1. Take residue 379 and tell me if it is modelled with pLDDT of 95 or more, over 25 Å from residue 234 (Cα atoms) and surrounded by fewer than 18 Cβ atoms within 10 Å (Cβ to Cβ).
2. Residues that are of a type outside the set (D, E, K, R), closer than 30 Å to residue 322 by Cα, in contact (Cβ under 8 Å) with a residue 12 or more places away in the chain and surrounded by 17 or more Cβ atoms within 10 Å (Cβ to Cβ): does region 346-359 have at least one?
3. Filter region 276-315 down to the residues that are open to solvent by less than 60 Å² (accessible area, probe 1.4 Å) and either acidic (Asp, Glu) or assigned to a helix (DSSP H, G or I) (or both) and list them by number.
4. Output the residues belonging to region 281-296 that are in contact with a strand residue (DSSP E or B) (Cβ under 9 Å, 6 or more places away or on another chain) and closer than 26 Å to residue 235 by Cβ.
5. Kindly establish whether residue 45 is within 30 Å of the chain's Cα centre (by Cα) and open to solvent by 60 Å² or more (accessible area, probe 1.4 Å).
6. Conditions first: (1) more than 23 Å from residue 150 (Cβ to Cβ); (2) buried (at least 16 other Cβ atoms within 10 Å of the Cβ); (3) of a type in the set (A, V, I, L, M); (4) out of contact with any Leu (no Cβ under 7 Å at 6 or more places or on another chain). Residue 371 passes all but one, so which condition is the exception?
7. Which condition number does residue 20 fail, the rest of (1) within 28 Å of the chain's Cα centre (by Cα); (2) surrounded by fewer than 16 Cβ atoms within 10 Å (Cβ to Cβ) being met?
8. Go over the candidates 270, 228 one by one and state the one that is open to solvent by less than 50 Å² (accessible area, probe 1.4 Å), touching a Lys or Arg at 6+ places or on another chain (Cβ under 6 Å) and touching a residue at least 24 places away in the same chain (Cβ under 8 Å).
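The values are calculated or read from the model by the stated rules, or taken from the named source; none is laboratory data. What you see is a predicted model; the values in this text were computed from it and never measured. Cβ atoms come from the backbone with ideal geometry, glycine included; neighbour counts cover every protein chain shown. Quick note on the areas: whole protein, heavy atoms, side chains included, nothing else; ligands and nucleic acids left out. Shrake-Rupley method; radii C 1.70, N 1.55, O 1.52, S 1.80 Å.
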Amino acid sequence: MQQVNLGMIGGGTVGSGVFHALQQNGKLLSSRIGINVVVRKVAVKSLAEPRAYPITRSLMTTDWREVVNDPDIHIVAELVGGTTLAKEIILSALKLGKPVITANKALLSKHGEELFAASKKYGANLYYEASVCGGIPIIKSLREGFVGNRIQAMYGIVNGTCNYILTRMKLEGADFSEVLADAQKLGYAETPPDLDIDGFDSQHKIGILASLAHGFWVRPEEVYVEGIRPISALDIKFAGELGYTIKLLGTVKKMEGACRVQVSVYPTLIPNAHVLASVNQVFNAVFVRGDVVGDTLFYGRGAGKDATASAVLSDLADAALDLKFGTPSRVPPFVSHECKGAVAGIEEVVSQYFVRLNVVDKPGVLARIAAIFGQSGIGISSVIQPEGHEGASVPLIFMLHYATNGAVNKALKKIGKLPVIKSKPVMIRVENFE
């Protein structure tokens, strides 16, 4: 049996998880691919740092160059994270013709185009299944499984922290700040939690998926992002009364016209009857619609040492097989295709909307607000107007028909200036997957 030597850079949560998985299932992997995979060296920050799983001391070094430059190491796994040192590591390995496996979504989102160009130039493949949705094989599915499909739409619940918070808010009627504090205690949310709850982690992942699906590189700044901080228990309550569940949803959708695509991340009302509404706790899911295959769903754990290690092992098997058969770019990491695409601005994206206003309860208020929507060409499909005491402040809920984001934002700006409006209007988009 042929042997392939692996060099790992990073021995933290993901790195130690990969080492443990190879110890546990290395023989199984070797029997399936006909190649014996051996960990030769692991670069770590410190030999004494605590790890989720132990790594054999004799294999460790604190100099990543010892891993990359070792002539006996055939494959390099970059598992350190960040966008500076990790980039240097990957480029150094690719220049030596060594295939690289990475789980680094932030790096790929920011520098993917450059890294894929280097991969092509030096004839060394770049594998990145673990960069999006942990153990869910969504990258391989887009690159290989759906190679004969035009992707019409993708919808992803791709951040477990946000999904955990929104799930508990729905099930318990709890406020955002209360559940966030619990999530931090349990280790589901970082301190500070901005990357997750403000949508930037999802931005990285959705940008990578959009790039793969549509064959042009989507830069992070082109992805429209809203996080879940503004979502209140009241919004979740009224959404439930209307038959919806609120999720932080990444959306990639072809628009009418030549090669224009919506790429966005924002809280979204999802019909309770749709499968994505039942994705709860820290789980992830990606719903993909292809023109040939139709609708498909990928579901599983999107983060964590074991789920991520599973994806790294999948890439390791591919890399080892590509080396064995002399096909370093059997499936290139990224291929431009179709026409030159562009990301549509959020103002031109069409959606339905949930709007919550905090108004003074007195006669004529509803009519004044409805008139502004009407003047803006926006139809109202339903209204929830809880009973209150005249003169008191009460919530007023509207479900709006399809309109552009630009038109709705313009109307809400006018409505927000009315003296009967007591707080900033809340607008949440609705997705019916039509």
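1. Numbers: modelled with pLDDT of 95 or more: yes; over 25 Å from residue 234 (Cα atoms): no; surrounded by fewer than 18 Cβ atoms within 10 Å (Cβ to Cβ): yes.
So residue 379 does not fit the description; no.
2. Step one: filter region 346-359 for residues of a type outside the set (D, E, K, R), giving 346, 349-355, 357-359.
If we keep only those that are closer than 30 Å to residue 322 by Cα as well, we get none.
There is no residue in region 346-359 that is of a type outside the set (D, E, K, R), closer than 30 Å to residue 322 by Cα, in contact (Cβ under 8 Å) with a residue 12 or more places away in the chain and surrounded by 17 or more Cβ atoms within 10 Å (Cβ to Cβ).
3. Matches in region 276-315: 276, 277, 307, 308, 309, 311, 312, 313, 314, 315.
4. In the first step, residues of region 281-296 are kept if they are in contact with a strand residue (DSSP E or B) (Cβ under 9 Å, 6 or more places away or on another chain); the result is 282-291, 295-296.
Those that are in contact with a strand residue (DSSP E or B) (Cβ under 9 Å, 6 or more places away or on another chain) and closer than 26 Å to residue 235 by Cβ: 282, 283, 284, 285, 286, 287.
5. Numbers: within 30 Å of the chain's Cα centre (by Cα): yes; open to solvent by 60 Å² or more (accessible area, probe 1.4 Å): yes.
Here the answer is yes, as residue 45 does meet what is asked.
6. The one condition residue 371 does not meet is (2).
7. So residue 20 meets the others, but not (2).
8. Details: 228 fails: touching a Lys or Arg at 6+ places or on another chain (Cβ under 6 Å).
Only one candidate qualifies: 270.
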